[in-house]
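Asker: Sending over a structure as structure tokens; questions will come in a sec.
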Number of protein chains: 2
Amino acid sequence: MIFTVQIKVMPLKDLLDPQGKAVLGGLENLGINNVTDVRIGKHIDLQIEAENKDAAIATATEAAKKLLANPVMEVYEISVS
Amino acid sequence: MIFTVQIKVMPLKDLLDPQGKAVLGGLENLGINNVTDVRIGKHIDLQIEAENKDAAIATATEAAKKLLANPVMEVYEISVS
């Protein structure tokens with residue numbers, strides 16, 4: 001069975017997010033002044049062939065740990081839809 | 001009031017996603033063979049100062065249209081948590 005697993009990878013809360021800061025500045029230049037903070041991360045959709053939901057989540061967790069997220073700078077969150 | 005608005009920006013379904021293809025190859029090299037497709041986009045968290053949820057969504061939509069998403073290559077999805 002094919003599961004669609006979503007992984008959200010975001011910079012750690014305590015770290016600076018220069019990309020987010022740049023976007024915040026860009027929004028202000030466009031006249032959008034009511035945004036107070038921006039943080040930018042990755043959104044990854046995986047199609048996983050697995051027997052059940054738990055097996056799909058296990059594969060996604062392995063992928064996140066080994067390749068997709070850098071635990072020194074990022075946190076990840078996995079959800080299955 | 002401050003609303004946390006999430007914007008998911010993904011490459012259009014019909015377009016090639018080279019970053020996703022590279023990750024798919026990387027996962028195979030790591031021995032993770034049950035992933036059949038990978039698509040990678042951006043996840044953006046905005047803190048928006050607004051009177052109500054609808055106003056926050058309106059600001060996020062404007063930000064997505066003007067700066068965050070390229071409609072030729074990407075679709076965006078807005079949610080408020």
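The values are calculated or read from the model by the stated rules, or taken from the named source; none is laboratory data. Note that this is a predicted model, so its numbers are computed, not measured. Note that each Cβ is placed from the backbone with ideal geometry, even for glycine, and that neighbours are counted across all protein chains shown. Remember, those area values only see protein heavy atoms, side chains included, never the ligands or the DNA or RNA. Shrake-Rupley method; radii C 1.70, N 1.55, O 1.52, S 1.80 Å.
Asker: Go through the range B:26-41 residue by residue and tally those that are of a type in the set (D, E, K, R) and open to solvent by 50 Å² or more (accessible area, probe 1.4 Å).
Answerer: Of the residues in the range B:26-41, 1 are of a type in the set (D, E, K, R) and open to solvent by 50 Å² or more (accessible area, probe 1.4 Å).
Asker: Would you please name the residue that is nearest to the other protein chains (Cβ to nearest Cβ), looking only at residues in the range B:6-25 that are outside any helix (DSSP H, G or I) and open to solvent by 70 Å² or more (accessible area, probe 1.4 Å)?
Answerer: Per the stated criteria, the residue is B:Lys13.
Asker: Can we say A:Ile32 is farther than 19 Å from B:Ala60 by Cβ, within 10 Å of chain B (Cβ to nearest Cβ) and more than 15 Å from the chain's Cα centre (by Cα)?
Answerer: Answer is no for this residue.
Asker: A further question on this structure: Quick check on B:Ala69: is it more than 10 Å from chain A (Cβ to nearest Cβ), closer than 29 Å to A:Leu30 by Cβ and among the aliphatic types (A, V, I, L, M)?
Answerer: Yes, satisfied.
Asker: Looking at the range A:14-52, which of its residues are within 22 Å of A:Tyr76 (Cβ to Cβ) and free of Cβ contacts under 8 Å to residues at least 12 places away in the same chain?
Answerer: A:Asp14, A:Leu16, A:Pro18
Asker: Now for a different question. Mind listing whichever residues of the range A:62-81 are among the β-branched types (Val, Ile, Thr) and over 13 Å from the mean Cα position of the chain (by Cα)?
Answerer: A:Val72, A:Val80
Asker: Would you confirm whether any residue within the range B:46-61 is at negative phi, touching a Lys or Arg at 6+ places or on another chain (Cβ under 9 Å), at the interface with chain A (Cβ under 7 Å from one of its Cβ atoms) and open to solvent by 10 Å² or more (accessible area, probe 1.4 Å)?
Answerer: There is at least one residue in the range B:46-61 that is at negative phi, touching a Lys or Arg at 6+ places or on another chain (Cβ under 9 Å), at the interface with chain A (Cβ under 7 Å from one of its Cβ atoms) and open to solvent by 10 Å² or more (accessible area, probe 1.4 Å).
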